[in-house]
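I have placed the structure first, in the form of structure tokens, so that the comments after it can refer back to it.
The values are calculated or read from the model by the stated rules, or taken from the named source; none is laboratory data. The model shown is predicted, which means the values in this text are computed figures rather than measured ones. A quick note on method: Cβ atoms are made from the backbone with ideal geometry, for glycine too, and the neighbour counts reach across all protein chains shown.
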Amino acid sequence: MAWYVSKIVFRIVINDQPSSQFDEQIRLIEASSIDDAFTKAQEIGVKEQDCFEGLHKQELKWVYIGTSHIHALNSLSHGEQFFSLTKDADEADSYANFIRSRSNTYVRNKKLSSHYQLV
């Protein structure tokens, strides 16, 4: 058996109206081949479709769209890169500030050492 990384994509549907929102999930898959990994990723996507009531009493659905990536992991070691996304943001400074803010929020919430604040 080997390890694979997959990207499983769901479309968010609100009150039976497809929205412009998608949930992209990066999943670790153990499989005997890349074909087996793809099949297992599809099974996860179908199984994890969901329908529930939102905060404002609207019906929310996660509808499985597909599995867009499968990548074999040759080894599992500290710091190994298994996924990368190059983002072209219309508002580059806003995007960078958003990422810094999310990182700093994580640091504060986890009560990590204060010298770890990102600038």
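In table form, for the structure just shown:
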| read-out | value |
| --- | --- |
| Some residue of the stretch 58-65 being assigned to a loop (DSSP other than H, G, I, E, B) and either over 15 Å from Ile26 (Cα atoms) or more than 17 Å from the chain's Cα centre (by Cα) (or both) | yes |
| Count - residues of the stretch 64-119 that are at pLDDT below 75, among the aliphatic types (A, V, I, L, M) and closer than 30 Å to Cys51 by Cβ | 1 |
| Which numbered condition Pro18 misses (of (1) in a strand (DSSP E or B); (2) surrounded by 14 or more Cβ atoms within 10 Å (Cβ to Cβ)) | (2) |
| Test for Val13: is it surrounded by 14 or more Cβ atoms within 10 Å (Cβ to Cβ), in contact (Cβ under 8 Å) with a residue 24 or more places away in the chain and within 17 Å of the chain's Cα centre (by Cα) | no |
| Evaluation of Gln42 against (1) polar (S, T, N, Q); (2) touching a Ser or Thr at 6+ places or on another chain (Cβ under 7 Å); (3) in contact (Cβ under 8 Å) with a residue 60 or more places away in the chain (one fails), failing number | (3) |
| Every residue from the stretch 45-74 that is touching a strand residue (DSSP E or B) at 6+ places or on another chain (Cβ under 6 Å) and of a type in the set (A, V, I, L, M, F, W, C) | Val46, Cys51, Phe52, Leu60, Trp62, Val63, Ile65, Ile70, Ala72, Leu73 |
| Hey, Glu30 exposed (fewer than 13 other Cβ atoms within 10 Å of the Cβ), part of a strand (DSSP E or B) and over 16 Å from the mean Cα position of the chain (by Cα) or not | yes |
